[in-house]
Structure formats: C-alpha cells, structure tokens
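In what follows, a structure is listed as structure tokens, so that the remarks can point back to it.
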C-alpha cells in the first residue's frame, strides 16, 4: 500500500487525476486546492461544474483550515458514526473555487479507510472524492464495474483493493447551516 500512496501523491502534486479506493466507493480524485485539476475531474465525469463534489480529509483537526464554521455537533456526529458520513459545511475556504458550491458550502468526509486516510495524511491537502462514473450513470459498486472510459481518462489507477468485490455504498450526507442540521440523506 505504501508504494501506491507514494505514487498517488506524486501524481496529485503534479495536478494529475487518480482513480482510487475510498471508505465508500471507488473515487476519481485530485488536489482539492488545484482549480485546473478540479476542472479535469469535471471533464472526465462530463459533469457541469455547478454541481459540487466532496473532499476527503484524514483528520477532524484539519477541518478549520477548509471551513469557516465547524459546529461541535458535526464533530460529535463524525465521532459517533459507525459508517462514512459526509458533512456539508458553509463557509468553504482554501479550496479550488470551482469545487465550492454556489452557496459557499463544501462537502467533507473524514475517511477511515486505510488507503484514502494515508493518502490524505501524506498528501497534506484535501483530496477530491467523486464517484468513478460518468455523470448520470450508475456509481460502480466495486472496481470491476468502473467504465473503461473513466479508467483511460485518469492519470493513475491505484493498484490496491481492485479485487475487492464487496459492494460499497455511498456515505450519508448531513448539511449544516449556521450550526443547525438542515438536511439528512
């Protein structure tokens, strides 16, 4: 795994796009602070950039660098959750502008999966995580279901957990606005 994390970090630092395993489904990823890299992900997904994507971090300690308001309730939910949870925070900052939603929010998930957690830790920046599919098509449950067009479009395909056939699920989504939960999916 260590070799794959190192290679993925190298690609990300050059503005490249990776296909990688996460705590939910396989993701297309890039440096969440690099506007050109984020644009490439939108192009691969054939997705309009007004539909925002989420980012992964390895620790709640890093949240305050990327959001203006991090309610204590959000931190409690992250700690208490037994499955992946993406929280949409208002007041996104220090991220690529084309990654931030029109209302200034950003979805962030603190990953617990070994590869993506170590990737975020070593890269020292948030990593975009969007499902490894063309927009409008079904999200792949595992690596074997990823469209060949997506595989060919990225700069690097992580060689880790590709044989894992466990059918992964997307995370729960919780949105905070002014410290209050307003939506759960």
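The values are calculated or read from the model by the stated rules, or taken from the named source; none is laboratory data. These numbers were taken from a predicted model, which means no experiment stands behind them. A quick note on method: Cβ atoms are made from the backbone with ideal geometry, for glycine too, and the neighbour counts reach across all protein chains shown.
For segment 150-160, a residue qualifies if it is surrounded by 12 or more Cβ atoms within 10 Å (Cβ to Cβ) and either in a helix (DSSP H, G or I) or at pLDDT below 90 (or both), and the qualifying residues are 150, 151, 153.
Out of the residues in segment 115-139 meeting the condition of being assigned to a loop (DSSP other than H, G, I, E, B) and over 15 Å from the mean Cα position of the chain (by Cα), tell me which one is farthest from residue 43 (Cα to Cα). Restricting to residues being assigned to a loop (DSSP other than H, G, I, E, B) and over 15 Å from the mean Cα position of the chain (by Cα), the top hit is 138. Annotation note: of 60, 73, the sole residue that is surrounded by fewer than 18 Cβ atoms within 10 Å (Cβ to Cβ) and in contact with a strand residue (DSSP E or B) (Cβ under 6 Å, 6 or more places away or on another chain) is 60.
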